[in-house]
Amino acid sequence: MASLDELAEMAHLLKRATFNVTVGRVEEMASKGWEAALTELVDNARSPEISSGPKFRNRYSESDYDDFLALVKFEMNRLANLSGEDIGNRMLWFWHNVLTSDTKAPAALLCRQHQLLAKHALGNFRALLKEITTDLAMLIYLDGWGSYGASPNQNYVRELMELFSLGRGGGYTQRDVESGARALSGWTLEGGNFPPEREGEEFFPERIRSVFYQEAGWSEPVTFLGVTRVHNVDSVIDTILEQPACARFIARKLFQYFVHPSPSDATVNSLATVFRNSDYEIKPLLAAMFRHPDFRAPQARGARVRFPMETLLAAAAAFSTEIERFDPLSYFYSTGFLPFEPPNVAGWPVGARWLAASQTGARSHLSMLAFDLPKKPVLKKIFNSDDPVGETLRRTSLYEVSPQTRAELERFARSESDRKDRARGLLALAVTSPEFALS
Amino acid sequence: MRDQCYPKGITRRSFIKVGGISVAALMAGGPLLRSGARAAASTDRRLVIIELAGGNDGLNTLIPYSNNRYFDARPNLAIRDGLLAINNEYAFHPKLTSMKQLYDAGRVAAVRGPGLVHPEALSHFFMFAALRSGHIGGFTQTPGQTGWPGRIVDSLAGSDDLIAGLTLSSSVNPAMTTISEKSASANSTDDGVLPVPEAFYERFLAAQRGMSMLDPTDSSSRRAAKKGMEGFLSLSEFLTSIRPSNAQYPETETARLMAFAASILASTDKIPVLWLNANGIFDTHGSQAVYMQLNLEELDGAIGAFFREIETIRLADGLTLADKTVVAVIAEFGRTLAENASGGTDHGKANVHFVIGKSVRGGLYGEPPALVADEDGSLVPTISLFDLPYTLAAWMGADPDAIIPGGGRLIDGLFNN
């Protein structure tokens, strides 16, 4: 039998490395031990394969969100029903938060980008950056398509350096933005009747491709990050990856996303060294992060704020219910977090933003589903238990709560004589608790 | 870079169950707005800040239509038709019809040339940090990582007020970060009512109140989560009490936010600072002509409807809400002088900001930037990005040198009173 501390520690790992901590999994993994769990969850993991998507209408219309909403629904259902591939899917959404795009691109192309990010989720960062640079949705989102060498569009290359690879202060200047924009010019989209000329007209996403026209690009040598040559996508990415800032930038982002917002420089540097030495293979970096003492330190537990998407998936796992029953879109709207629609090109910020007053409100609304849950099987487990509060906390993976939260659950349990209603109220309160917003 | 644009028709109300009971009616303790007096610094003035995040193109907003350099630099993007001339040099963008009316009534000040000269001045995120924090070094350089509007909130909030600044969004804008923790956020669809079944309602809220109490062992994250819950309970009570607007507003996201702003300001004098982000795609690297028409039409309609409504809201002292309210329209940076090949403009430096209200002495302020591109293709700023925040802080009755710690200058004559 694992001790309470071992259970709490395993819940910590599972909350970070998976999307849905189902009841019993914490105990099961804790019985295997920490190192065996890491081997299973991280070392043996593969990138997810996403070969399908929802059916899209593909009508070109600025105001038509149906396809986008279908994509969000598709993805939330997929994530709520994962079997394995946990960390690969967590990394897929990490990359969505770094290499951002949004509904400026049609949903069908966002779906293709999603499949691309999945394919590389645990692969190689160099290959990922090269492919994302000419990805269709990215070319649309950051204005790479139709950028001419003579007066190039600076949007993509600036964000490529500032947000995707080097970070502010990462050693580039406005001159590198200008030369990089030249180097990446000449690309456009063709085929599939995209963009259609008239509103409402159909386009065919599977036939759209990215093409490069030398005559629209820039054939003269330019100096980009100190390297003077005729540049292209490969040489631009390779040159960026030679910068020492790159591995540090990604290592810091990864740590901030999965562990807590303020890693020490020493921690970042040690992870960056692993990343660089593996020639930007993603899995060794991830394995090093999860095995870093900072991750296993007790202070790391509950130090991370859940994104609303994770809160929703955690609630669905705790209630053992179909995610659709929560009305995910309304929840996302009230939290201001929409998958595939980050607030800006820097992605969804990590941390306290998702603890604001309105977030508690959204979580409280989410918890109300407890009052509509069928008697079996979840409620029954709680109301048949000798320790309904303990069982509720176990079901919601809350192994470490503050004395106030425990006291309020106990008080509520004492106040309600109907065992079914007691179970409902306890589940709802656990999901609204401050601790449920954290992981 | 673009801003969020939500699907229409999905609102939080759509999943609020019927039969909810007013939080205010049942909640025990902790009222949001106690009747105590505001701090001595209070001037009873209200500031609504609208951010055009992404970097609105100032040059096509306030158009120097008598200058050939403008037309030379923008063969496709220069606006020739439908100009709303305000004098023989400048015109508003054709979609700014309400702004033009307000300008003609002497209520709009256009501040020309605000920006920063800095190696990172073309980064959205460097400039967001500067614009919102009120310091060129960003939030690491301000006390408590506060923003300048947040510091105005700190300096004006009464000690008994639980909330004195609101971001009209699902989360607090960094600019509204306070030390006093009196800053919260609310969506325009929030009505403060939780759909808890009646039999549980009182116990449920009492339990939430209890869970929000701090414990000495709380980590900083858990403390922040508890403060969020406390803020939610206070805010719920306030939101159930606000007077809904029945004025006419356009059916747009920005207009919904401005209608919400009017409702809040009409319902309390304890929340002197509101922040909202206008809906739109302001980072117009491509197809700028289309985006700007949509952006500015939505902004203009919302501002026009807001001022029409607040003129009619009479306060206890006999004045109207319009007498006490100023709207500031700001953006992190402007755009390049020349257009690019995508029918757009890239990141630039100098921009134009607007201040609107009855207290404003309408007209043009600041030196206009010369229409000559610097080495980055940009217009060179003529006044600091922080001079307008400095001037607004002073008008609000706060100490401008405390609000803008790196220093700023008053824009002379911007306000009548």
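None of the figures in this text is laboratory data; all of them are computed from the coordinates on show. Keep in mind it's a predicted model, so treat the numbers as computed, not measured. Using ideal geometry, Cβ is built from the backbone for each residue, glycine included, and neighbour counts are taken over all protein chains shown.
For the pair residue B:85 and residue A:22, label points projected 7 Å from Cα toward Cβ lie 7.3 nm apart.
Helix A:419-432 and the long axis of chain A differ in direction by around 30°, with both axes built from C-alpha atoms. Taking only the C-alpha atoms of the range B:366-417, the Rg (one decimal) and the largest Cα-Cα distance, Dmax (whole number), read 13.6, 41 Å. The Kirkwood hydrodynamic radius of the range A:79-184, based on inverse pair distances between different Cα atoms, is 14.7 Å. With a Cα-only, solvent-free Debye model of the range A:209-343, what are the log10 I(q)/I(0) values at q = 0.22 Å⁻¹? Reported log10 I(q)/I(0), two decimals: -1.18. With semi-axes defined as the square roots of five times the eigenvalues of the C-alpha gyration tensor, the equivalent ellipsoid of the range A:3-50 measures 20, 12, 8 Å, largest first. Length, then width, then depth: along the principal axes, the Cα atoms of the range B:203-360 run 61, 47, 27 Å. Within straight-line reach of residue B:100, meaning a Cα separation under 18 Å, sit the following aspartates and glutamates at least 8 residues removed in sequence or on another chain: B:57, B:81, B:89, B:297, B:298, B:300, B:309, B:311. Quick one: Debye curve from the alpha-carbon atoms of the range A:22-142 only, equal weights, vacuum; give me log10 I(q)/I(0) at q = 0.09, 0.12, 0.14, 0.22 Å⁻¹ to two decimals. So the normalised log intensities are -0.31, -0.51, -0.66, -1.27.
Rg of the Cα atoms in chain B, relative to 2.2 N^0.38 Å, amounts to 1.00. The range A:50-80 and the range A:129-202 have Cα centres spaced 24 Å apart. Equivalent-ellipsoid semi-axes for the range B:343-384 (Cα gyration tensor, √(5λ), whole Å, largest first): 26, 12, 8. In plain terms, if you count all Cα to Cα distances in the range B:169-296 and split them into 10 Å steps from zero, the share in each step is 10, 32, 30, 19, 7, 1 percent. Of the two radii for the range A:142-257, the radius of gyration is 1.06 times the Kirkwood radius, both from the alpha carbons; that is the Rg over Rh value.
For residue A:296, neighbours were defined as the other residues whose beta-carbon sits under 13 Å from its Cβ, and their charges (Lys and Arg +1, Asp and Glu -1) total -2. In plain terms, the chain from residue A:387 to residue A:59 could stretch by 112.6 nm, reckoned as 0.36 nm per residue minus the Cα-Cα distance.
Per-residue mean of foreign Cβ neighbours for A:373-385 is 0 (Cβ atoms of other chains, 10 Å radius). Rg ratio for the protein assembly as shown: its Cα radius of gyration over 2.2 N^0.38 Å, N being its residue count, equals 0.94.
With a cap of 11 neighbouring Cβ atoms within 10 Å, and only residues DSSP puts in a loop, list the trypsin sites (Lys or Arg not before Pro) found in the range B:49-145.
On the way: sites: B:69, B:80, B:95, B:100, B:107, B:112, B:132; in loops: B:80, B:95, B:107.
Here the sparse-neighbourhood loop sites are B:80.
Computed from Cα atoms, the angle from the helix B:220-241 axis to the main principal axis of chain B rounds to 90 degrees. Checked against a 29 Å cut-off, the cross-linked pairs B:95/B:182; B:227/B:349; B:95/B:324; A:119/B:227; A:104/A:253; A:32/A:73 give Cα-Cα distances beyond that limit for B:95/B:182; B:227/B:349; A:119/B:227; A:32/A:73.
Taking Lys and Arg as +1 and Asp and Glu as -1, the other residues whose beta-carbon sits under 12 Å from that of residue A:135 total +3. The C-alpha atoms of chain A define a longest principal axis, and helix A:244-258 lies at about 30 degrees to it.
In peptide A:398-405, what is the residue-averaged number of other protein chain Cβ atoms found within 10 Å of each Cβ? Walk me through the numbers on the way to the answer.
On the way: counts 0, 0, 1, 2, 12, 5, 11, 8.
Mean number of neighbouring Cβ atoms from other chains: 5.
Go through the range A:116-198 and name the trypsin sites (Lys or Arg not before Pro) that are in a DSSP coil and have 12 or fewer other Cβ atoms within 10 Å of their Cβ.
Working: sites: A:119, A:126, A:130, A:158, A:168, A:175, A:182, A:198; in loops: A:168, A:198.
The qualifying sites are A:198.
Eigenvalues of the alpha-carbon gyration tensor of chain A, scaled by 5 and square-rooted, set the equivalent ellipsoid semi-axes at 42, 26, 17 angstrom, largest first.
Residue B:214: net charge of surrounding residues, Cβ under 13 Å, Lys/Arg +1, Asp/Glu -1, itself excluded? Intermediate values should be presented prior to the final figure.
On the way: positive: B:209, B:222, B:223, B:226, B:227; negative: B:181, B:215, B:218, B:230.
After counting each charged neighbour, the total is +1.
Just to be sure I understand: of the beta bridges DSSP finds with both ends in the protein assembly as shown, what percent are antiparallel, rounded to 5? Don't skip to the answer; put the middle values down first.
Values: 26 of 48 bridges.
In the protein assembly as shown, approximately 55 percent of DSSP beta bridges are antiparallel ones.
Shielding of peptide B:161-171 by partners, expressed as the average count of other chain Cβ atoms within 10 Å per residue Cβ, is 3. Averaging Cα coordinates gives a centre for the range A:334-357 and one for the range B:340-417; these two points are 29 Å apart. Classify the range A:59-102 as rounded, prolate or oblate, taking a ≥ b ≥ c as the square roots of the eigenvalues of its Cα gyration tensor: rounded when a/c is under 1.5, otherwise prolate if a/b is larger than b/c and oblate if not. In terms of gyration-tensor shape, oblate. The GluC sites (Glu not before Pro) found in the range B:231-263 that occupy coil by DSSP, while having at most 12 further C-beta atoms within 10 Å, are B:251.
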